[in-house]
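Just so it is clear, none of the values below were taken in a lab; they were calculated from the coordinates. On a predicted model such as this, the values are computed, not experimentally measured, just so you know. With ideal geometry, Cβ positions are generated from the backbone for all residues, glycine too; neighbour counts draw on all protein chains shown.
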Amino acid sequence: MLEALERGGVDTMSDCRRGECGLCQVKILELSGEVDHRDVFYSDRQKAPNATMCCCVSRAVATRPDSTPENPAQSALVTIDVP
Ligand code: FES
C-alpha cells in the first residue's frame with residue numbers, strides 16, 4: 001500500500017518499511033474485510049479495533065478464506081486518511 005501511495009504522488013512518511021517504526025501509519029476510515037496487520041509496531045490490543053494500520057506491510061484481506069468458485073469471497077476494501 002505504501003508503494004502505491006508513493007506512486008500516486010501522495011506525500012507519505014516511512015523509515016523501516018518493515019512494520020517496525022510506525023511512521024507509515026494511516027487512519028482507517030472504512031473497511032470491508034479484515035486488516036492483516038503484519039507489523040510489529042502495534043500491540044495486539046492496538047490492532048484489534050482496526051483504526052489504524054502500518055501501510056508498508058499491512059493490507060486488507062477478504063473475510064472468508066473458504067471461498068469456492070461457486071461462492072467466491074468478497075473483495076477486501078480499505079479507505080484510509082493520509083496525513
Ligand atoms: S515504515 Fe516503519 S512501520 Fe512502516
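Tabulated data for the structure shown
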| quantity | calculated |
| --- | --- |
| Value of [θ]222 nm, deg cm²/dmol, for the chain, DSSP H segments ≥ 4, -39500 (n - 2.57) each, nearest 500 | -2500 deg cm²/dmol |
| Extension reserve of the Thr79-Lys27 stretch, reckoned as 0.36 nm per residue once the Cα distance is removed | 17.9 nm |
| Debye-sum result for region 1-80 in log10 I(q)/I(0), which assumes one identical scatterer on each alpha carbon, at q = 0.18, 0.23, 0.25, 0.27 Å⁻¹ | -0.74, -1.06, -1.18, -1.30 |
| Where GluC sites (Glu not before Pro) fall in DSSP loop in region 15-83, at most 13 other Cβ within 10 Å | Glu70 |
| Relative contact order, percent, the chain [alpha-carbon distance under 8 Å, six or more residues apart] | 35 |
